[in-house]
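Student: Mind looking over this structure? Questions follow.
The values are calculated or read from the model by the stated rules, or taken from the named source; none is laboratory data. None of the values given here were measured: they were computed from a predicted structure. No Cβ is skipped: glycine too gets one built from the backbone with ideal geometry, and neighbour counts run over all protein chains shown.
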Amino acid sequence: MKSVLTTAVAAADLGGRFPSSSDLESVQGSLQRAAARMEAAEKLASNYDAVANEAVNAIYKSFPNGSGRDIDSGTQKDKCKRDIVHYLRLINYCLVVGGTGPLDEWAIAGSREVYKALGIDTATYIAGLTFLRNRGCADRDMSAQALLEYNAYLDYAINSLA
């Protein structure tokens, strides 16, 4: 799994060298932000169902017909929520490991092609994830640093779907 630590060690190994001072500084920065990432991961894990419901509601405000497919809206919303929960779980994993590896390996690789084959517009997921990013409040939800870490992974997922 790709994290700051594994990336720094792999880069040094590939270059046949010891980790450089910039490699060590990036690892140190990641370790210093670990407490904020863990706070964000804990808050997300304890409330993912409500967070996913808010994202689905935001999606259906922007896209009243959902994906426009010929299935009932309840089933469509359930499938949308399932996918949002999947993204949230992967973002949670990213917060824990301190890198984008889980999103890269289990969500981003080939996702646009899959959604295109299924006739699903990625704009729906972008709308839901963007709502979650904009909804976060440091005073209400988590500390400012934890919210910054959480939003960084949301932005990464949004940009990968765009």
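One line per residue, one yes/no per condition, for (1) closer than 28 Å to TYR125 by Cβ; (2) at pLDDT 90 or above:
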residue	(1), (2)
THR7	yes, no
ASP13	no, yes
PHE18	no, yes
SER22	no, no
VAL27	no, no
VAL56	yes, yes
LYS61	yes, no
ASP70	yes, no
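Student: Exactly one of (1) under 20 Å from ARG82 (Cβ atoms); (2) surrounded by 13 or more Cβ atoms within 10 Å (Cβ to Cβ); (3) of a type in the set (Lys, Arg) is unmet by LYS61. Its number?
Tutor: The single condition LYS61 does not satisfy is (2).
Student: Here's something else I'd like to know. Failed condition for ASP155, given (1) surrounded by fewer than 18 Cβ atoms within 10 Å (Cβ to Cβ); (2) closer than 18 Å to ALA45 by Cα, with all others met?
Tutor: Result: ASP155 passes all but (2).
Student: Which residue is surrounded by the fewest Cβ atoms within 10 Å (Cβ to Cβ), if the candidates are limited to the range 118-128 and must be under 14 Å from the mean Cα position of the chain (by Cα) and touching a residue at least 40 places away in the same chain (Cβ under 8 Å)?
Tutor: Residues of the range 118-128 that are under 14 Å from the mean Cα position of the chain (by Cα), as a first pass: 125-128.
Next, only the ones that are touching a residue at least 40 places away in the same chain (Cβ under 8 Å) stay: 125, 127-128.
On the way: TYR125: 21, ALA127: 18, GLY128: 27.
Going through the qualifying residues, I end up with ALA127.
Student: Another question, if that's okay. Please go through the range 79-129 and give me each residue that is aromatic (Phe, Trp, Tyr) and modelled with pLDDT of 85 or more, ordered by number. Don't jump to the end; show me each part of the working.
Tutor: Narrowing the range 79-129 to residues aromatic (Phe, Trp, Tyr): 87, 93, 106, 115, 125.
Those that are aromatic (Phe, Trp, Tyr) and modelled with pLDDT of 85 or more: TYR87, TYR93, TRP106, TYR125.
Student: Name the single residue, out of those in the range 2-30 being surrounded by fewer than 13 Cβ atoms within 10 Å (Cβ to Cβ) and of a type in the set (A, V, I, L, M, F, W, C), that is nearest to ALA107 (Cα to Cα).
Tutor: Narrowing the range 2-30 to residues surrounded by fewer than 13 Cβ atoms within 10 Å (Cβ to Cβ): 10, 13-18, 21-22, 25, 28-29.
Among the residues that remain, those that are also of a type in the set (A, V, I, L, M, F, W, C) are: 10, 14, 18.
On the way: ALA10: 23, LEU14: 27, PHE18: 32 Å.
My answer is ALA10.
Student: I would also like to ask the following. Residues in the range 129-145: is at least one small (Gly, Ala, Ser), in contact (Cβ under 8 Å) with a residue 12 or more places away in the chain and not in a loop (DSSP other than H, G, I, E, B)? It would help to see each step written out before you state the result.
Tutor: Here is the first cut: in the range 129-145, the ones small (Gly, Ala, Ser) are 136, 138, 143-144.
Applying the additional criterion that residues be in contact (Cβ under 8 Å) with a residue 12 or more places away in the chain yields 136, 143.
Still in the list and also not in a loop (DSSP other than H, G, I, E, B): none.
Checking the range 129-145: not a single residue is small (Gly, Ala, Ser), in contact (Cβ under 8 Å) with a residue 12 or more places away in the chain and not in a loop (DSSP other than H, G, I, E, B).
Student: Determine whether ILE108 is under 15 Å from the mean Cα position of the chain (by Cα) and crowded, with 18+ Cβ neighbours inside 10 Å.
Tutor: Working: under 15 Å from the mean Cα position of the chain (by Cα): yes; crowded, with 18+ Cβ neighbours inside 10 Å: no.
The answer is no for ILE108.
Student: Does any residue of the range 93-111 turn out to be over 27 Å from GLY29 (Cα atoms) and part of a helix (DSSP H, G or I)?
Tutor: yes
Student: While we're looking at this one, here's another question. Please go through the range 115-128 and give me each residue that is assigned to a helix (DSSP H, G or I) and under 15 Å from ILE84 (Cα atoms), ordered by number. If you could, list the steps in order and put the result at the bottom.
Tutor: Applying the first criterion (assigned to a helix (DSSP H, G or I)) to the range 115-128 yields 115-118, 122-128.
Across the range 115-128, the qualifying residues are TYR115, THR122, ALA123, THR124, TYR125, ILE126, ALA127, GLY128.
Student: Moving to a separate point now. So which of PRO102, PRO64 is touching a Cys at 6+ places or on another chain (Cβ under 7 Å) and either assigned by TED's automatic domain parsing to the domain that holds TYR156 or under 20 Å from TYR156 (Cα atoms) (or both)?
Tutor: Details: PRO64 fails: touching a Cys at 6+ places or on another chain (Cβ under 7 Å).
Criteria check complete, one pass: PRO102.
Student: Pairs under 7 Å by beta carbon, first residue over 17 Å from TYR115 (Cβ atoms) in the range 77-93, partner of a type in the set (Phe, Trp, Tyr) and crowded, with 20+ Cβ neighbours inside 10 Å, six or more apart or different chains?
Tutor: From the range 77-93, the pairs are ILE91/TYR153.
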